[in-house]
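**Q** Sharing a structure below in structure tokens format, with a few things to ask.
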Amino acid sequence: MNEYIQNIKEAKKIEIVVRELSCTTRFQCSFIKKQDDSLIFTKPLCGSREFDYPKGQPLEIYVYTPNGVFRLKCRLLECMSETCAVSTPFETNKIQRREFIRVKLKVKTIVTIETPTFSKKITTGTKDISAKGMKILLDEDISKYTNKIELSILFPENIIKTLARIIKVIPTKTQDGLRFVTSLMFITISGKDMDFIVKKCFEFQAAQRRKMLDEKN
């Protein structure tokens, strides 16, 4: 059995991505079976958006597994009322060593420090973020107070709260003086919130690609 089939069977999530000049659309689906030279999935869903692409439409299938994210490049064969058939992949690759990508997405974040003697709230923004952690830029080295903090990550459509562990603090000279690049690992984040951050990371990547194409044109 081909390795990609095993990855699909072990997937925690599967997305079918359709890239067009005007937009990139990500559909959720589930794997059903391999049949001759085709892969059968449940009908791809994306809110009210209909999966109504022509035969031969190029597709990217992202397979999220505990061992990483795999991308299969296929073509649409047939879409029926309940299922969708695509060609076996003409290209497969592993796009991340881990399951979660990290992007330079800036999100307002509130850091809460609690110690036996005082509490403190700091408002900042992310330098980068993934579903497992983030980097922030602070005016002081907060690791001198504690190695665990509470975060509120303020996405416009969702507020994510989690405890985090300080992994590393790097003093950095900036135009505003000495600052501290602080790397954090989320330790109590829910699976639902991790999925949300993964989605926002991929949306950010797609927007960056569109921006680059627009600038070239």
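**Q** Scanning for something surrounded by 13 or more Cβ atoms within 10 Å (Cβ to Cβ), among the basic types (K, R) and modelled with pLDDT of 90 or more, does region 79-94 turn up at least one residue?
**A** Checking region 79-94: not a single residue is surrounded by 13 or more Cβ atoms within 10 Å (Cβ to Cβ), among the basic types (K, R) and modelled with pLDDT of 90 or more.
**Q** Read through the list (1) open to solvent by 50 Å² or more (accessible area, probe 1.4 Å); (2) in contact with a Ser or Thr (Cβ under 7 Å, 6 or more places away or on another chain); (3) of a type in the set (K, R), then give the number of the only condition that R179 fails.
**A** Condition (1) is where R179 drops out.
**Q** For region 116-129, does any single residue satisfy the condition of being modelled with pLDDT under 95 and crowded, with 18+ Cβ neighbours inside 10 Å?
**A** No, that holds for no residue.
Residues are listed down the side, and each one gets a yes or a no for (1) under 19 Å from S130 (Cβ atoms); (2) surrounded by 12 or more Cβ atoms within 10 Å (Cβ to Cβ); (3) without any contact (Cβ under 8 Å) to a residue 24 or more places away in the chain; (4) touching a Ser or Thr at 6+ places or on another chain (Cβ under 6 Å):
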position	(1), (2), (3), (4)
N147	no, no, yes, no
L154	yes, yes, no, no
K161	yes, yes, yes, yes
T172	no, no, no, no
I187	yes, yes, no, no
F196	yes, yes, no, no
C201	yes, yes, no, no
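**Q** Name the pairs whose Cβ atoms lie under 8 Å apart, with the first residue in region 61-86 and at positive phi, the second part of a loop (DSSP other than H, G, I, E, B), and 6 or more positions between them or separate chains?
**A** From residues that are at positive phi, the pairs are G68/R97; G68/R98; G68/E99.
**Q** Looking only at residues in region 95-108 that are closer than 18 Å to F196 by Cβ and part of a strand (DSSP E or B), which one is modelled with the highest pLDDT?
**A** Ranking the qualifying residues of region 95-108, first place goes to K108.
**Q** While we're on this one: If a residue must be exposed (fewer than 12 other Cβ atoms within 10 Å of the Cβ) and within 17 Å of G56 (Cβ to Cβ), how many such residues does region 1-20 contain?
**A** Residues flagged as exposed (fewer than 12 other Cβ atoms within 10 Å of the Cβ) and within 17 Å of G56 (Cβ to Cβ) within region 1-20 amount to 1.
**Q** Additional query: Filter region 36-64 down to the residues that are within 14 Å of Y4 (Cα to Cα) and of a type outside the set (A, V, I, L, M, F, W, C), then identify the one that is surrounded by the most Cβ atoms within 10 Å (Cβ to Cβ).
**A** Y64
**Q** Sticking with this one: Tally up the residues in region 175-217 that are in contact with a Cys (Cβ under 9 Å, 6 or more places away or on another chain) and of a type outside the set (K, R), please.
**A** 1
**Q** Look through K73, K55 and report the one residue that is in a strand (DSSP E or B) and either among the charged types (D, E, K, R) or more than 19 Å from the chain's Cα centre (by Cα) (or both).
**A** It is K73.
The values are calculated or read from the model by the stated rules, or taken from the named source; none is laboratory data. Source: prediction; values computed, not measured. For neighbour counting, all protein chains shown are included, and Cβ atoms are generated from backbone atoms with ideal geometry for every residue, glycine included. With ligands, DNA and RNA removed, areas are computed over all heavy atoms of the protein, side chains included. Shrake-Rupley method; radii C 1.70, N 1.55, O 1.52, S 1.80 Å.
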